[in-house]
Amino acid sequence: MTRFLDSHFHRRDFLFRSGAGLGAVALAALQSQSIARGAGNGSSALPMPHVPARAKNVIFLFMEGGPSHLDTFDPKPELNRLAGQHLPESFGTVLTAMGEFHAPLLASHRKWKQHGESGTWVSDWLPYTAECVDDIAVLRSCWTDGNSHSAGVCQMNTCSMIGGRPSLGSWVTYGLGSENQNLPAFVVMQDNRSSVVNGPRNWGAGFMPASYQGTQLSEGSQPIPYLNTPEGLDVQTQIGKLGYLNSINQKFSTEYPQQSELEARIRSYELAFRMQSAAPEAVDLAQETAATKELYGMHEKETEAYGRLCLMSRRLVERGVRFIQLYHGAGSKWDAHNNIESNHTQLCRAMDRPVAGLLKDLKQRGLLDETLVIWGGEFGRTPMSEQGNGRDHNPTGFSMWMAGGGVQGGQTIGTTDELGLRAVEDRMHVHDLHATILRSLGLDHMALTYSYKGRPERPTVNEGSVMEKLFTRRG
Amino acid sequence: MNLRHRALFVATTAGLQLLGIGSHLTIQGGELPTTEQIQFFEKSVRPLLVEHCYKCHSEKSQKGNLRVDGRGHLLLGGDSGSAFTPGKPGESLLMEAIRYESYEMPPGQKLKDEEIAIFERWIELGAPWPGDDGSIPQRAAGKGFTDEERAWWAFQPVQNPVLPALQSLSQWGNGGIDRFIAAQMEQQQLTPAPEADRQTLLWRVYFDLIGLPPTPEEVRKFEQDPDPLAYEKVVDELLQRPEYGERWARHWLDLVRYAESDGYRADLFREQAWRYRDYVIQSFNEDKPYDRFVQEQIAGDELFPGDPAALVATGFYRHGMFEYNVPDVKGQWDSILNEMTDVTADVFLGMGFQCARCHDHKFDPILQKDYFRLRAFFEGVLPCDDVPAVSPDDLARFTAEMNRYTEKTKEIQQKLDEKLAPHLKRVFEATIKRYPDDLLAVIRKNPAERTASETQYMQFIMRLVTYEQARVDGRITGEEKDQILELRRELAKFDSLKPAALPRPLTVRDVGPMAPATVIPKKNVEVQPGFLSILDPNDPEIPGRVDSTGRRSVLARWLTDQANPLTPRVIVNRVWQYHFGRGLAANSSDFGQLGDVPTHPELLDWLTTRFLENGWKLKSLHRDIVTSATYRQSASHPFLAESQLKDPVNRYYWRADVRRLDAEQIRDAILFVTGRLNPARGGQSVQADQPRRSIYTRVMRNSHDPLLQAFDLPLFISSTSSRNTTTSPIQSLLLINSQTMLAYATQLAERSIAAGQNSTPSPEAVVEALWFTLFGRTPEAEERAGALAFLEQQKRLRQDLHEQAASLPDVATGKVPYRDGQAVLFQAEKASERFLIPSDDRLNFSDFTVEMYFQLRSIFESGEVRTLAAKMPGPGARTGWLFAITGKGSRRKPQTLVLQLFGKDENGQDQEAVIFSDHHVDINKPYYAAASVHLAQAGQAGKIVFYLKDLSNDDEPVIIYEQPLKLVSVKANTAPLVLGNREGADGRFDGLLDDVRLSSKALSQNELLLTVEGVLESTVGYWQFEPHPGLLQDTLTDGLSIQPGRLEPKVSPEMGALIDLSHVLLNSNEFLYVD
């Protein structure tokens, strides 16, 4: 109801309303179509980070459904030794999602090797990612609270298992603003049209204004919903309408010069019009060379879909899109309750080369330093079997990795117990992950506040700490 | 540029709220730290504090009651007083302590000199601390309440202040409200704006009270009414209209996070939730006293046991999110209880309790104990879905009829039960395996031996069991299945004897006279039900009951006690906020320290006193507010600039605000002005593509209507006390480019011609009609000229267009929930376009697969089918195929997928195959469906495989149903392929159809559209109904495009121009804003 977002905006309103004329400054800011990247000078309208930023952008590769850490980044010889037996009693009781509490342990059938100068362990499911390990910091000690997909995906996005809070991308957009006025600052893409668990509220702004929410972007000439002139009308007719709309809106806003929103709405149509050319250009891969496309695996059927998304996200980063989330296996495809071998073989294959291609491409273009790339799902999978040949959800210990954005590659942080059930050393809760991601962007998770219903809300629900090791070379 | 200036700059853009421009700077008064200061703090100061001080003086431990992990904490200090005086290291205890001058801190090892110097420098700078300027001192833990806390305005009894005396404004206003407002204006040297003109006022009060604009007739009538009390008459009339309840219930539903789905991965629909919505509408319409309204929701079952409405009201507790298949039942129940506590405190007390769940509230005197004292009232709650909400008489009648029915059907029912029992048992056993051992033990227990909490857990467990058992049919096959279906058909013959189902709303009752213990986690302290300690530290006496703990009755009575300082103030403040856009206390759900003190505390109390005197009635409060001179002011002011300087945000109400309509007002207004609004009231919710008022559209938590969502519809996950108002290009794109808005514009254009009451009205008359309908006024001469010129211009542009291309047919589009992109809406009541794909060789094949996404609105009562796709010339032709959903009256299988094929069998005989999938297709549920046809070959049986997937529940597996097929060929024909209908008979689809794909091959499961989207080698046609490559275009290059079967007459350039004008006006700020 209120146009005052909250009480602490009063002061801003004051500054705004008492300023000279009607949003003249803002207008100027908008007219400069794109603000120079990294411009720390006084002309920038962007909020300042709290601490020096390492990264400017984030690409979050979200493996939806929960990939198995035990078959990708966290080898457990002990698991193969004990395979077929029950979880030793010393591990206590485990509450699993599907209830096969007493199922025997399932061996990993992967072949493991150390890679790169760093000797990071990666399984044979991810040969291309393995080539990039010296840029990657593997986090083997992640844990979360949510044991269902809904709670897990919600928490990985918002820090809370229960919905209603802003997503990480929204906090980042709120905290740092947008570097490209013609494209959304926070973009979400997915590899198929199945609904991601919980739907769009995963990238929602929660209690913050909707302008901080993620925008779903797809390929093609209409990457954003309703971007194009409706069918049956031509552009001239539409321009005619926009011109006339502008004139009657101008008249109405001159009657109420105190109401800045009226002006903003006029601008929003201009912006919408500018987006009509900016967005399709951003996702148009025709300008990319065959070599680049091959790097992303776009020449092969299995890797083409995610390859396109990864390549699109590099183009978006180049255009100043702040936060990109790329769902792989949308609709919990990674959820291998049975037959993990065939499920993960297929999904790893579809994702591995495109992801590695993205890292290599970012690096060769000098973008990796300022782009934090995150890989992972909402949780990992159990050492215990399910339905004989699958694995259940495991929120108590799983792996993710980060690269770029100031992350010191070639290291492996944290450990799980000898069966990979629980994180034990350097444990990183989702709160810590988010605090760390924010820090890479120069944001202090405790200083970033938004006042909601009069209360200061923080991105990590007042918890979490930064994993400093991630940014410093070990040893 | 330092941060402060940056903040100013940010403020200018923050107002714009475009593409996420914003700032994290908390401005709470006082200087903001500069970048250099922040860096100094983070690099030098914070690490020292963390390393040397946090161990004893932070969240976990507070020796000497001192915390050093926040500026506020330091300012508040510990037992020895404030730790420092900003800017004055010499006067600071902290410096003394680290210099070892009084205390010796940190003990053991004095800091190095350069470290001490860092602290000195930091305090000199004013001790900047990013994100915490310490302007709101945090509470000291465990010290009891201070006098200041006890004196906090919100905890004081409501006063009945005398009306202030006025000086310069003594002639202004017409009642108490205006006296208080004027007194403040005088103090601020402000003057009120003149009264708004009649049209503006009428527009404002209509949207405000009923959420809809007035009709042109109502505008004219009001303008011509010579009665000086014409406005007051309108107000009285609006308050009596049923639309009033529909509007104001919306505010309440926001507060109580009302939605109709579970909201987790399985966003299951809550079929009975709407009864609570109708209860709220009715309560507002009958002006139910607010105290009674609160009592019904908090303890309707205990206080008004015979009243069905009071039972429905307890649905208040049930709107939170829920996940039916979580094995961690205890954890979920714990969070549900916490959620009930949070929402109750937010809604009724206007106090943010959440923070106190883990620790005493940092700023307000809400103890952690108080959180659990409040929660204890709900500890014995048992959610129920099976309690009939009817009068005892109706219940008796129902029972008698039901007995009669049961008697008649006993034998069949018995047989059916016998058949089903082993299957149900098997499902039961399989389902409960998902629970851990301790809960399994609970399940196996004799119900009488279960503890109160175990009974509560069982409720949740049984919901999953019931869910799985309801799907038992899917697990039975073959002959047994046929027998069961036969018995069902037998049973159905007695349906006429069966009484109509009773309303069984979402309700709660208590599990019994004893509630489980309420224990503060980690502290292991048990607490009894109680109120905010600062208001009443004692445990209230709770009269025992036989069937219930009686706890909630005590809470309800306390909340609605005349002397409760919070409940009445909170609702009065909310009503004010909904009228003015801002409460007298700005944060209507937080009357604590962080919520800002009221701008007009005396007015709030004066209104609250009157509200209580009037018996907690809301309508008289509305009347007082909207008839005040304060409310009736214009949004313009003769001395705008000067007044802006004194009060830029209009805290003192010296003019009206221009406010954007909220999501529902926008949608409702569009439907209203286009003449599409269906005035039906109440009942089951409908999809957003139905033209009912938005309050009646279905609210699924994980899938919102794009238009409503774009205009800041809340998430309905937690209590929403005020809506955001954002301005984004996404909204503009939707309003100017969506097919839906274009259709509205067309309807508006048609209506404005009809309104001219002349077969060929002049453009002037049409412009006049549009202005009256959309803005409630006559266009000014200049505006009229502008509009006419625009019509001319568009006519010219359209002329060119007209010559180039055919215009698009009248096709309504929508969105299948949980799917992206646009779907086509087929409307049963409307002979809509027919989607024909002309006959083509490519469309005759042997094996094939037809698949699509759909959402069904209704089925035929008869045996007639709702067609998804068909290639069949008509009944009797005996060629081709049809894929459809059977009607209720289908003799063989009602409401299920059916595939009908005509072809030849192995012996060359003409045969018909009609194969049913057996799976009940729900109305309004989004589905993916496919039929894959594998014809028989010599010596090898063929088969048909149906696939059906409920999109609203990810956990629901794809249902696969396979049937043998004897045909070796399908008989080709030259009929067109028809989507959403069939040739020569009534088989209209009703609902949304999306992404139809036809393949010349029996696809295997991993090739289905559900798994692999896009064009495969076997794809013959793939129609996605997207603007790209075109609504009616095949996604395949050189594919088979759809041709509308009944071409609309082409839109003439004149009509096109009028549609353009209508479209622009629907986009205009004057339409979207109320001034």
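No lab work stands behind these numbers, since they all come straight from the coordinates. Please read these numbers as outputs of a predicted model, since none were measured by experiment. So basically every Cβ, Gly included, is an ideal-geometry build from the backbone, and we count neighbours across all protein chains shown.
What Kirkwood Rh does chain B have if only Cα atoms enter the pairwise 1/r average? Answer in Å. Result for chain B, one decimal place: 33.8 Å.
Simple point charges give the picture: +1 on the Cβ of Lys and Arg, -1 on the Cβ of Asp and Glu, and for the range B:89-235 a dipole about the Cα centre of about 400 debye. For B:TYR1073, nonlocal amide neighbours, meaning residues 5 or more places apart or on other chains whose placed amide H falls under 5 Å from its own, are B:LEU661. For the range B:140-288, what class follows from the C-alpha gyration tensor (a ≥ b ≥ c being the square roots of its eigenvalues): rounded when a/c is under 1.5, otherwise prolate if a/b is larger than b/c, else oblate? Since a/c reaches 1.5 but b/c is at least a/b, the shape of the range B:140-288 is classed as oblate.
Taken residue by residue and averaged, Cβ atoms of other chains lying within 10 Å of the Cβ of B:791-798 number 3.
Taking only the Cα atoms of chain A, the ratio Rg/Rh comes out at 1.00, with Rh defined as the Kirkwood radius. From the largest down, the range B:607-646 spans 43, 17, 10 angstrom on the principal axes of its Cα atoms.
Per-residue 3J(HN,Hα) values for the range A:93-106, derived from phi via the Karplus relation 6.51 cos²θ - 1.76 cosθ + 1.60 with θ = phi - 60°, read 8, 10, 8, 9, 4, 9, x, 7, 5, 9, 5, x, 5, 10 Hz in sequence order (x marks Gly and Pro).
Rounded to the nearest Hz, the phi-derived 3J(HN,Hα) couplings of the range B:735-745 under the Karplus curve 6.51 cos²θ - 1.76 cosθ + 1.60 (θ = phi - 60°) are 6, 9, 10, 7, 4, 4, 5, 5, 5, 4, 4, where x marks glycine and proline.
Determine, from the Cβ-Cβ distance of A:PHE91 and B:ASP473 and an R0 of 41 Å, the FRET efficiency 1/(1 + (r/R0)^6), rounded to the nearest 0.05.
Result of the calculation: an efficiency of 0.50.
In order along the range B:859-864, phi translates into HN-Hα couplings of 10, 6, 5, 7, x, 4 Hz, rounded to whole numbers, per the Karplus curve 6.51 cos²θ - 1.76 cosθ + 1.60 with θ = phi - 60° and x for Gly and Pro.
Dividing the radius of gyration of the alpha carbons in the range B:219-273 by their Kirkwood radius gives 1.32 for Rg/Rh.
Simple rule: put +1 on each Lys or Arg Cβ and -1 on each Asp or Glu Cβ in the protein assembly as shown, find the dipole, and look at A:ALA210, B:PRO706, A:LEU139; the Cα lying farthest toward the positive end is A:LEU139.
Between helix B:274-285 and chain B there is an angle of about 50 degrees, using the helix long axis and the longest principal axis of the Cα atoms. The length gained by stretching the chain between B:ARG878 and B:LYS523 to full extension, at 0.36 nm per residue less their Cα-Cα distance, is 120.1 nm.
With charges only on Cβ, +1 for K and R and -1 for D and E, what is the dipole size of chain B about its Cα centre, in debye, rounded to 20? Don't jump to the answer; show the numbers that get you there.
Values: 121 positive and 149 negative charges, 324 e Å.
In debye, rounded to 20, chain B gives about 1560.
Given R₀ = 51 Å, what would the calculated FRET efficiency be for B:GLU750 paired with B:GLU411, taking r from the Cβ atoms and rounding to 0.05? With a Förster radius of 51 Å, E is 0.30.
The residue list A:VAL355, A:GLY376, A:HIS393 was ranked by how far each Cα lies along the charge dipole of the range A:334-428 toward its positive end, using unit charges on Cβ atoms, and A:VAL355 comes out on top. Placing +1 on the Cβ of every Lys and Arg and -1 on the Cβ of every Asp and Glu, with no other charges, gives the range B:938-1075 a dipole of roughly 980 debye about its Cα centre.
Sorted ascending by nearby beta carbons within 10 Å, beginning with the fewest, B:CYS56, A:CYS154, A:CYS132 become B:CYS56, A:CYS132, A:CYS154. Each label was represented as a point 7 Å from its Cα along the Cα-to-Cβ direction; for B:THR146 and A:ARG274 these points are 4.9 nm apart. Residue separation of B:LYS433 and B:SER1004 scaled by 0.36 nm, minus their Cα-Cα distance, works out to 202.4 nm of gained length. With R₀ set to 25 Å, the beta-carbon distance separating B:VAL390 from B:GLN684 gives a calculated FRET efficiency near 0.90.
Compute the normalised compactness of the protein assembly as shown: alpha-carbon radius of gyration over 2.2 N^0.38 Å, N being the residue count. Dividing the Cα Rg of the protein assembly as shown by 2.2 N^0.38 Å gives 0.93.
Taking a virtual spin label 7 Å from the Cα of B:PHE155 along the C-beta vector, which residues in the range B:344-376 bring their backbone nitrogen under 11 Å of it? Label zone hits: B:364-367.
Taking a quarter of the surface of the Cα convex hull of the range B:209-340, what do you get in nm²?
Seen from a random direction, the Cα hull of the range B:209-340 projects 10.9 nm² on average.
The distance from the alpha carbon centre of the range A:317-348 to that of the range B:489-543 is 42 Å, rounded to a whole number. The stretch between B:LYS966 and B:LEU424, if pulled fully straight at 0.36 nm per residue, gains 191.8 nm over its current Cα-Cα span.
To the nearest ten degrees, helix B:763-775 and the longest principal axis of the Cα atoms of chain B are 50 degrees apart. If you line up the long axis of helix A:9-18 against the longest principal axis of chain A, both from Cα atoms, how many degrees apart are they, to the nearest 10? It works out to around 30 degrees. Among A:TYR244, A:TYR269, the order by Cβ neighbours within 10 angstrom, fewest to most, reads A:TYR269, A:TYR244. Near the amide H of B:VAL1020, within less than 5 Å, lie the amide hydrogens of B:LEU998, B:SER999, B:SER1000, all on another chain or at least 5 residues away, with H placed in the peptide plane. Between B:SER1000, B:GLY87, B:LEU502, the Cα set farthest toward the positive side of the dipole of chain B (charges on each charged residue's Cβ, about the Cα centre) is that of B:LEU502. The ranking of B:ASP955, B:ASP364 from fewest to most other beta carbons within 10 Å of each one's beta carbon is B:ASP955, B:ASP364.
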